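Have a look at the structure below before the remarks.
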Amino acid sequence: MKAFHLGLIAVVSAILLSGASTWWQPAAGQDVHSQMERAAKLKADGNMEEARKVFDALLAQLRSRGASSELTDVLNNLGDIANNSGQYDRAVELARESADVCRKLGNTSCEAQALNDEGLAYSNGGKYSEAGQALEEALNMSAKANDGHTMVLVLNNLGNVYYYEARYSEAFKAYDAAAARVEKENDVAWARAWRAITRLNLATLYQRLGNDQRAINVYHTTLDNVHDLTPREVAHVLANLGVLYRRMGNIEEAIKNYHDAEKFYSRQKDIDGELGVLKNIGIAQVLDLGKLGEALKTFEQARKLAEASKNQRESMQALLYQAETLRRMGRFVDAKRDFETSLALSIQLGTVEEQWKALYALGRIALQDGQRDEAESKFRAAIEKIESLRSKLQLSRLKSDFLADKRDVYDALIKLLLERNDAAASLEFMERSRARVFQDKFFAAGVTSGSLTLPSLQKRLDGHTALIEFWTGPDAIAAVWLTHDSSGIARKNFSAEEMDKFARMVDGLPENLGNDWRAGFQKLAALLPDGVVPFQGSSYEHLLIVPDGFLSMMPLELAPSAPGEALIEHHELSYLPSAVLLLRGALQQSRIVGLPWQNQLVAFGDPSVVGNGESSVLASRNLPDSPNALTALPSSGEEIRGIASMSAGRARLYLRDSDRKPDFKQYSGSRAALLHVSTHAIADMDNPERSRLLFSPDQLGEPNNYLFLKELYDLDLRGVSLATLSACDTERGRLQPGEGVQAFSRALLAAGSRSALTTLWRVPDQPTSAFMQQFYYYLLKKHKTKAEALRLTKLEFLHAGGELGHPKFWAAFVLNGEGREPVPRFLPWQAIIAPILLVFAVIVVAVQLRKRRSVTASAASTAVRV
């Protein structure tokens with residue numbers, strides 16, 4: 001279905017913000033004039049290819065005449081056509097040429113608009129850094145010309161770039177500046193339309209940040225000034241309101257807004273928009289209201305509308321939704337017929353996404369009929385279709401839509417393979433079903449997807465290491481375990497209610513353990529499948545755990561290994577989002593030794609928390625971690641200074657007012673072996689893009705700044721051996737089907753760090769500081785491996801007795817990524833100076849001895865002469 005609430009910014013930037021609408025000014029030669037008018041009409045009528053041909057012919061003619069406003073007009077129109085057709089590199093070239101012509105004409109506003117078009121082309125092509133540079137230059141140039149119209153255009157586009165980069169504070173500032181400029185020029189003709197556009201961009205930003213009520217208020221304010229909008233824009237706003245109300249659980253209000261949007265789209269003869277809201281209405285009727293009969297009528301209405309407009313794809317999609325409704329009604333024969341028809345149509349149209357959905361549904365119907373081989377064949381075919389769309393699906397942020405997301409297809413096949421006891425195939429598809437965006441980072445660096453096989457992974461394991469990969473299905477939990485020379489499957493089936501209870505028990509950690517935590521955790525661990533051989537005994541010292549689903553929130557080192565003993569007593573554990581990390585060693589080798597003048601530690605912490613700890617764009621949100629709940633972290637500075645005192649290499653500390661986001665982005669990639677951040681973290685369980693780390697204000701008098709999760713992915717942490725986030729809930733996040741828990745550790749590993757230390761739940765400031773200093777003592781002074789240093793620290797807390805012996809104070813800390821190697825050992829200055837002093841001393845002694853021998857020899861010579 002069309003995700004209107006995510007599409008509004010894209011619509012505005014791609015259609016309304018283009019600077020290609022420079023008006024033609026008369027030139028010498030009526031033929032040029034008439035051809036310009038003809039090309040403009042072709043373009044307005046949607047005949048882009050014919051318009052391009054005419055503009056191309058004009059371009060050759062006008063270039064020969066030198067710089068002119070007509071030439072910039074042609075270049076801008078050709079750039080607009082290239083942009084809309086996805087030829088972004090071509091659009092950039094044309095925009096640059098247009099800027100050069102404007103420069104020759106001495107027209108600063110024209111040049112600013114051309115630079116805006118260049119930035120827009122870069123943005124549409126996903127090159128946000130280049131887009132930002134071009135747009136910043138365009139903004140400076142339009143400000144220099146005091147061209148308010150172009151300034152507002154550029155500020156909105158710049159805000160959109162920040163939005164796509166998840167730099168939400170910066171996006172808000174850009175939109176806010178655009179709104180202020182619009183109000184400053186309130187009386188000019190263009191202000192009315194741009195006030196609406198800027199408001200809509202702000203509303204979309206609020207919506208992304210979860211501030212649904214504020215977004216609703218902005219949308220309603222915009223609708224109160226409906227004269228500022230075109231009817232199509234009114235329809236977009238109403239559709240967005242429908243999405244918001246549905247997300248807030250107000251289904252009746254959502255459907256009302258969908259119906260209102262449908263009326264506006266219908267008046268405008270906007271069939272695509274009308275079909276989109278009809279499908280949204282049908283989906284709400286099925287998933288939220290359970291009104292399957294009404295949904296069937298809605299999808300039938302959509303199908304007839306699509307057929308009347310000769311829109312074959314929309315007709316096929318409506319049939320697909322209709323078939324799924326029939327399947328849910330238990331009318332399997334009718335559903336199978338419609339799915340087969342929609343599959344044939346989607347093959348004819350070449351729409352792969354609908355093909356895998358139809359194949360998956362047909363597999364489920366075959367399974368319902370007991371045809372297991374047919375079901376497996378259909379599931380495999382569906383997965384191959386998904387794989388062919390993988391990169392596209394990653395970009396489209398597929399949510400739980402009407403048919404079920406792609407993870408459901410993998411789960412269906414994995415369940416069949418596990419029941420067949422096929423460990424190799426089960427492991428293959430378990431890996432293909434998770435952390436795919438994360439895996440793509442490594443495939444791009446040279447790892448091949450074909451390397452993720454059971455035999456190839458076994459070769460990466462030594463005799464003391466075992467890999468256990470878990471799978472949580474809708475009604476079962478399984479584990480494929482492998483060692484260097486053996487493998488196996490462990491599986492346990494559950495009812496849906498039992499699975500839900502298990503998940504709630506894990507989510508309730510550590511509070512639900514009680515005082516007798518061993519007994520409490522034993523009840524929880526008893527729900528894990530039996531027969532995971534590496535868990536038994538102490539043959540395998542190091543366990544690599546690839547968790548799945550809610551098991552990502554469970555510290556498995558507390559699981560019983562022997563009567564009265566937990567796994568941690570004899571095993572060190574590292575967690576992996578995917579087994580692909582086992583293959584990284586060949587691509588990225590960690591240095592072994594560092595020199596005292598090289599960076600060993602870069603640390604940020606003890607942030608200055610101002611009265612309102614949220615930036616202005618977040619200030620009105622009622623978060624669990626609202627600004628009023630965020631307090632200073634005095635132990636944070638003590639923790640970092642204690643770690644620095646154990647460092648032999650250079651330590652760069654950024655505390656209090658120096659704990660700033662710009663410095664973090666600059667120095668976190670300084671190739672220091674250790675990156676340590678001690679601050680407040682907010683893990684958003686609904687939207688991972690809102691998860692963030694708190695930093696001190698950039699400037700005195702400003703609110704606190706935040707680094708959002710997506711920004712963490714974009715850092716370059718290659719060379720970092722261990723990145724530690726000493727903050728609460730940094731291993732928590734939204735559980736995204738097909739990807740897993742979107743936690744901070746995954747972002748750090750994807751950015752290049754070899755390992756990451758994060759937390760599963762909240763631990764008070766002072767115990768966290770004590771834990772971290774003890775951990776770094778084992779790491780830096782005793783030179784233990786990362787996994788062993790963590791295990792020894794936990795055992796010290798466990799065996800210390802008293803309150804701190806309870807796992808709620810130490811089991812939250814988990815190591816992700818590589819754990820079998822120590823961090824690089826840095827030579828202290830003494831190790832460098834002492835040999836130099838020794839050599840110097842030896843030289844001095846040698847010189848003295850030589851002088852003494854010389855004096856003795858001279859005395860002997862004198863005696864002979866006498």
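Being part of a loop (DSSP other than H, G, I, E, B), free of Cβ contacts under 8 Å to residues at least 60 places away in the same chain and open to solvent by less than 10 Å² (accessible area, probe 1.4 Å) is the filter here; which residues of the range 730-750 pass it?
So the first thing to find is which residues in the range 730-750 are part of a loop (DSSP other than H, G, I, E, B), and the list is 730-734, 737-739, 742-743.
Retained after the next criterion (residues that are free of Cβ contacts under 8 Å to residues at least 60 places away in the same chain): 730, 733-734, 742.
Residues satisfying the conditions are THR730, GLY733.
Report, by residue number, each residue of the range 210-261 that is of a type in the set (Gly, Ala, Ser) and over 18 Å from ASN280 (Cα atoms). Walk me through it before giving the result.
Start the filter on the range 210-261 by keeping residues that are of a type in the set (Gly, Ala, Ser), which leaves 210, 215, 235, 239, 242, 249, 254, 261.
Hits for the range 210-261 are GLY210, ALA215.
Could you tell me whether any residue of the range 468-476 is over 15 Å from ALA559 (Cβ atoms), touching a Leu at 6+ places or on another chain (Cβ under 8 Å) and either basic (Lys, Arg) or surrounded by fewer than 21 Cβ atoms within 10 Å (Cβ to Cβ) (or both)? Full working, then the answer.
Residues of the range 468-476 over 15 Å from ALA559 (Cβ atoms): 469, 471-476.
This time we only want the ones that are touching a Leu at 6+ places or on another chain (Cβ under 8 Å), so: 469, 471-472, 476.
Checking the rest, the ones that are also either basic (Lys, Arg) or surrounded by fewer than 21 Cβ atoms within 10 Å (Cβ to Cβ) (or both) come to 472, 476.
Checking the range 468-476: at least one residue is over 15 Å from ALA559 (Cβ atoms), touching a Leu at 6+ places or on another chain (Cβ under 8 Å) and either basic (Lys, Arg) or surrounded by fewer than 21 Cβ atoms within 10 Å (Cβ to Cβ) (or both).
Out of everything in the range 113-130 that is without any contact (Cβ under 8 Å) to a residue 60 or more places away in the chain and assigned to a helix (DSSP H, G or I), what residue ends up being nearest to SER85 (Cα to Cα)? Write out each step before concluding.
Step one: filter the range 113-130 for residues without any contact (Cβ under 8 Å) to a residue 60 or more places away in the chain, giving 115, 118-119, 121-122, 125-130.
From what is left, the residues that are assigned to a helix (DSSP H, G or I) are 115, 118-119, 121-122, 128-130.
Values: LEU115: 19, GLU118: 15, GLY119: 16, ALA121: 11, TYR122: 14, TYR128: 19, SER129: 22, GLU130: 20 Å.
This residue is ALA121.
Give the range 28-46 a look and list any residue that's modelled with pLDDT under 85 and exposed (fewer than 14 other Cβ atoms within 10 Å of the Cβ), or say none.
Hits for the range 28-46 are ALA28, GLY29, GLN30, ASP31, ALA44, ASP45, GLY46.
Scanning for something closer than 27 Å to LEU326 by Cα, assigned to a helix (DSSP H, G or I), aliphatic (A, V, I, L, M) and open to solvent by less than 10 Å² (accessible area, probe 1.4 Å), does the range 252-260 turn up at least one residue?
Yes, the range 252-260 contains a residue that is closer than 27 Å to LEU326 by Cα, assigned to a helix (DSSP H, G or I), aliphatic (A, V, I, L, M) and open to solvent by less than 10 Å² (accessible area, probe 1.4 Å).
Yes or no, residue by residue, for (1) among the aromatic types (Phe, Trp, Tyr); (2) buried (at least 22 other Cβ atoms within 10 Å of the Cβ); (3) over 25 Å from HIS236 (Cα atoms); (4) touching a residue at least 24 places away in the same chain (Cβ under 8 Å):
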| site | (1), (2), (3), (4) |
| --- | --- |
| GLY132 | no, no, yes, yes |
| ASN186 | no, no, no, no |
| THR198 | no, yes, no, yes |
| GLN207 | no, yes, no, yes |
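Out of everything in the range 354-389 that is surrounded by 17 or more Cβ atoms within 10 Å (Cβ to Cβ) and acidic (Asp, Glu), what residue ends up being nearest to SER426 (Cα to Cα)?
Taking the candidates together, the pick is GLU376.
Just wondering, is there one or more residues in the range 684-694 that are more than 21 Å from THR759 (Cβ to Cβ), crowded, with 19+ Cβ neighbours inside 10 Å and among the basic types (Lys, Arg)? Step through it out loud before you land on a result.
First pass over the range 684-694, keeping only residues more than 21 Å from THR759 (Cβ to Cβ): none.
No.
Applying the selection to the range 452-508, what residues are in a helix (DSSP H, G or I), in contact with a Pro (Cβ under 9 Å, 6 or more places away or on another chain) and among the small types (Gly, Ala, Ser)? Lay out the reasoning, then the answer.
Keep residues of the range 452-508 that are in a helix (DSSP H, G or I), which gives 454-459, 496-507.
With in contact with a Pro (Cβ under 9 Å, 6 or more places away or on another chain) added as a condition, the list becomes 496, 499.
If the condition is that a residue be in a helix (DSSP H, G or I), in contact with a Pro (Cβ under 9 Å, 6 or more places away or on another chain) and among the small types (Gly, Ala, Ser), then ALA496 is the only one that fits.
Looking only at residues in the range 703-729 that are over 14 Å from the mean Cα position of the chain (by Cα), outside any strand (DSSP E or B) and touching a residue at least 60 places away in the same chain (Cβ under 8 Å), which one is farthest from GLY594 (Cα to Cα)? Don't jump to the end; show me each part of the working.
Pass one, the range 703-729, residues over 14 Å from the mean Cα position of the chain (by Cα): 703-706, 716-729.
Filter once more, keeping what is outside any strand (DSSP E or B): 703-704, 716-721, 727-729.
Still in the running and touching a residue at least 60 places away in the same chain (Cβ under 8 Å): 703-704, 718-719, 721.
Numbers: PRO703: 38, ASN704: 35, ARG718: 15, GLY719: 12, SER721: 12 Å.
The qualifying residue farthest from GLY594 (Cα to Cα) is PRO703.
What number of residues within the range 777-831 satisfy the criterion of being within 31 Å of the chain's Cα centre (by Cα) and in a strand (DSSP E or B)?
5
Name the single residue that is most open to solvent (accessible area, probe 1.4 Å) among those in the range 510-538 being closer than 20 Å to ALA812 by Cβ and outside any helix (DSSP H, G or I).
Looking at the filtered set, the residue picked out is ASN515.
Among the hydroxyl-bearing types (Ser, Thr, Tyr) and under 21 Å from VAL409 (Cβ atoms), is that true of SER433?
yes
Answer with yes or no whether VAL741 is under 19 Å from the mean Cα position of the chain (by Cα) and among the β-branched types (Val, Ile, Thr).
On the way: under 19 Å from the mean Cα position of the chain (by Cα): yes; among the β-branched types (Val, Ile, Thr): yes.
Yes.
The values are calculated or read from the model by the stated rules, or taken from the named source; none is laboratory data. Given the structure is predicted, the values throughout are model-derived calculations rather than measurements. Cβ coordinates were reconstructed from backbone atoms using ideal geometry, including for glycine residues, and neighbour counts include every protein chain displayed. Surface accessibility is based on the protein's heavy atoms, side chains included, excluding ligands, DNA and RNA. Shrake-Rupley method; radii C 1.70, N 1.55, O 1.52, S 1.80 Å.
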